[in-house]
Amino acid sequence: MGIKQATNMEVKKNNRNRVFRYICKHGTVSNPDISYNMKMSLPTVTQITKELIEKGVIEESGELHSTGGRRAKALTAAVNVKQAVGLDITKNHVSFVLTNLTGKILKYVRIFLPYIHEEGYYQRVNEEMEKFLDESDVDRNKILGVGISFPGIVDLDRELITYSHILDVRMVSFDSVSCFFDYPCIFLNDANAGAYAEGTCLEEKERFFYLSLSNTVGGAVFDSDRLVQGDHFRTGEVGHMTLVPDGKICYCGKRGCLDAYCSALNLSDLTDGKLEKFFELLEKKDQRVEEIWDIYTNFLAVALNNIHMVLDCNIILGGYVGSYAESYMPDIWRKVSGRNTFTDDERFVDSCRYKLEAAALGAALEVIENFVKDI
């Protein structure tokens, strides 16, 4: 194959991919609509949509209303022709998410299942996933694969989970986990997965930092449709940056880590491990809960300002705490603003859009993306 031919094929593939994404995003469209908005010739668009119909990923759905002249055929994405599963593995739970080609959550569930790096654990996870798919009435032939979110350093080059302190494992090969599932598997760090879910729902390409505030604290950088991984796949690991020198002991064994001050456990430990109860009491202005929240957000504001000083981009609060943060953003903005050296009042911190199972969803979306980009 010559270079020119290969280049032409890549251009056609890229255009086909762009058209499919446009249809997914806008619902019911027509060839003239695509041609006009994407600045592509009508014959080119017509050929592309014909190919997408043949691939089974879009379909004709009647005709659009006429604005004068012949009615244009209505085109829609066959959004459920393929689906993906996302798993989020944590110390004590596993979450399952089912999504379609547009990233819509079709079903999700979270179960209590303490992690242990043994065959029996992964067999149980697979059994629970198959049960989840049975309850979802899923045609297994539609399943593209399984995205697995893991709380640790996920080395994509070596295909290893090199280190997870919270799960107490090192050097776990992807194959040693994926062999228990009947579908292709991909792996993501949990914060990266949450960031990926947030990034895919943005209207405009932008760069942001995702701060995951769950029972452990992590982070990720998302930049123009992709995750920034770093030389050793540790970009965004702010949970273990020192917030208070020689401060509180962290689960990693060091002192003063951000995780020790901004883990969700700092809040839920006050309410028998139930974070939702903490925020219920906060809404009712319980004095003790308000005091703990004030301390928590004071430390959080320091971390947010430090992250912003280094990266100079927007920050999204995700994880367990981020899913409850929306109502309390004015207070967080005020505290962050008080530490902002440049005194601009641009609100660069916001709460997450995905408040349920973001890591599992992000892992599933990575599977979807791998399919879509090859259409």
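The values are calculated or read from the model by the stated rules, or taken from the named source; none is laboratory data. For clarity, every value in this text was computed on a predicted model and none was experimentally measured. Note that we place each Cβ from the backbone using ideal geometry, even for glycine, and neighbour counts take in every protein chain shown. With ligands, DNA and RNA removed, areas are computed over all heavy atoms of the protein, side chains included. Shrake-Rupley method; radii C 1.70, N 1.55, O 1.52, S 1.80 Å.
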- Note on the structure: Of the conditions (1) out of contact with any strand residue (DSSP E or B) (no Cβ under 9 Å at 6 or more places or on another chain); (2) at pLDDT 90 or above; (3) more than 18 Å from VAL94 (Cβ to Cβ), the single one that HIS165 does not satisfy is (2)
- Does ILE186 count as at negative phi, of a type in the set (A, V, I, L, M) and touching a strand residue (DSSP E or B) at 6+ places or on another chain (Cβ under 7 Å)? yes
- Scanning region 118-151 residue by residue, the ones that are surrounded by 14 or more Cβ atoms within 10 Å (Cβ to Cβ) and touching a helix residue (DSSP H, G or I) at 6+ places or on another chain (Cβ under 8 Å) total 11
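Of the residues that sit in region 218-267 and are part of a loop (DSSP other than H, G, I, E, B) and of a type in the set (S, T, N, Q), which one is least open to solvent (accessible area, probe 1.4 Å)?
Within region 218-267, the first condition is being part of a loop (DSSP other than H, G, I, E, B), and the residues that meet it are 224-225, 229-237, 241, 243-248, 250-254, 256, 263-264.
Okay, now just the ones that are also of a type in the set (S, T, N, Q), so 224, 229, 235, 263.
Working: SER224: 58, GLN229: 44, THR235: 40, SER263: 4 Å².
It comes out as SER263.
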- From the options ASN314, ASN298, residue that is of a type in the set (S, T, N, Q), out of contact with any His (no Cβ under 9 Å at 6 or more places or on another chain) and under 26 Å from SER337 (Cα atoms): ASN298
- Message: Kindly evaluate ASP286 against the criterion of being free of Cβ contacts under 8 Å to residues at least 12 places away in the same chain and within 28 Å of the chain's Cα centre (by Cα).
- Response: no
- Item | Pairs, first over 15 Å from MET309 (Cα atoms) and open to solvent by less than 10 Å² (accessible area, probe 1.4 Å) in region 329-342, second of a type outside the set (S, T, N, Q) and in a helix (DSSP H, G or I), C-beta under 9 Å, six or more apart | ILE332/LEU300; ILE332/ALA301; ILE332/LEU304; ILE332/ALA325
- Query: Is at least one residue of region 355-372 over 25 Å from CYS24 (Cβ atoms) and open to solvent by less than 20 Å² (accessible area, probe 1.4 Å)?
  - Reply: no
- Task: State whether the residues of region 320-327 include one that is at pLDDT 90 or above and among the acidic types (Asp, Glu).
- Result: yes
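Going residue by residue through region 140-155, is there one that turns out to be over 22 Å from the mean Cα position of the chain (by Cα), more than 18 Å from SER95 (Cβ to Cβ) and at pLDDT below 95?
Going through region 140-155, the residues over 22 Å from the mean Cα position of the chain (by Cα) turn out to be 140-141.
Still in the list and also more than 18 Å from SER95 (Cβ to Cβ): 140-141.
With the extra rule that they be at pLDDT below 95, the set shrinks to 140-141.
Within region 140-155 (the criterion being over 22 Å from the mean Cα position of the chain (by Cα), more than 18 Å from SER95 (Cβ to Cβ) and at pLDDT below 95), the answer is yes, since at least one residue qualifies.
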- Task: Please verify whether region 54-66 includes one or more residues that are out of contact with any Phe, Trp or Tyr (no Cβ under 8 Å at 6 or more places or on another chain), under 20 Å from ALA364 (Cβ atoms) and open to solvent by 50 Å² or more (accessible area, probe 1.4 Å).
- Result: no
- List the pairs whose first member sits in region 143-166 and is closer than 11 Å to VAL85 by Cβ, whose second member is open to solvent by 10 Å² or more (accessible area, probe 1.4 Å) and β-branched (Val, Ile, Thr), and whose Cβ atoms are under 6 Å apart, counting only residues at least 6 apart or on separate chains? LEU144/VAL367; GLY145/VAL367; GLY147/ILE186; GLY147/VAL367
- Tabulated pairs, region 217-234, first on the phi > 0 side of the Ramachandran plot, second of a type in the set (Lys, Arg), C-beta under 7 angstrom, 6+ apart or interchain: SER224/LYS205; SER224/ARG207; ASP225/LYS205
